Amino acid sequence: MRALATGACSRQSPCIGRAAILLELWDQVALHDCESTLDQTVSGGVVVAHQQVRTDALRAIGVEHTAIVSTALIQQGKIAALFGLPDLSDPLAATNAAIAAGTHSPGAPIPNPPTPCG
């Protein structure tokens, strides 16, 4: 999950339905996305998870990881909608957001591990 303020799987444009969710998951695989769930809460059909994300693209700008809050709507045992937002309380997520906004310079690249979750 890229956890952007806008775009695919954002709060403004959540991934709705199987095709959109699968496309997002395929994009994550292509980006060598590694997500670790730190905690999650379930309330009815809504699941909220705090996750730490590592990608080749983050390491390329000198950011070891970012943090996101993912929200999924579950209907009939399946994910019906999905979106993620950056968790700006995490210092590296805040740095990543500042780099994306052009208010912070990228850092020195971090070498990619042999596997995405290295």
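The values are calculated or read from the model by the stated rules, or taken from the named source; none is laboratory data. Computed from a prediction, not measured in an experiment: that's the story for all the values here. A quick note on method: Cβ atoms are made from the backbone with ideal geometry, for glycine too, and the neighbour counts reach across all protein chains shown.
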Query - Selection within the stretch 72-105 - over 16 Å from Arg54 (Cβ atoms), exposed (fewer than 13 other Cβ atoms within 10 Å of the Cβ) and at pLDDT 90 or above - result: Gln75, Gln76, Gly77, Ser89, Ala101, Gly102, Thr103, Ser105
**Report entry** Those residues of the stretch 90-106 which are in contact (Cβ under 8 Å) with a residue 24 or more places away in the chain and not in a helix (DSSP H, G or I), in sequence order
**Finding:** Asp90, Pro106
Query raised in the report: Among all residue pairs at least 6 apart or on different chains, which show Cβ distances below 7 Å where the first residue, located in the stretch 41-62, is at positive phi and the second is of a type outside the set (Val, Ile, Thr)?
Result: Gly62/Pro106; Gly62/Gly107; Gly62/Ala108; Gly62/Pro109
Query raised in the report: Taking the stretch 17-40 on its own, how many of its residues are among the β-branched types (Val, Ile, Thr) and touching a residue at least 24 places away in the same chain (Cβ under 8 Å)?
Result: 1
Requested in this report: Give just the number: which of (1) farther than 17 Å from Pro91 by Cα; (2) in contact with a strand residue (DSSP E or B) (Cβ under 9 Å, 6 or more places away or on another chain); (3) modelled with pLDDT of 85 or more does Arg11 not satisfy?
Outcome: (3)
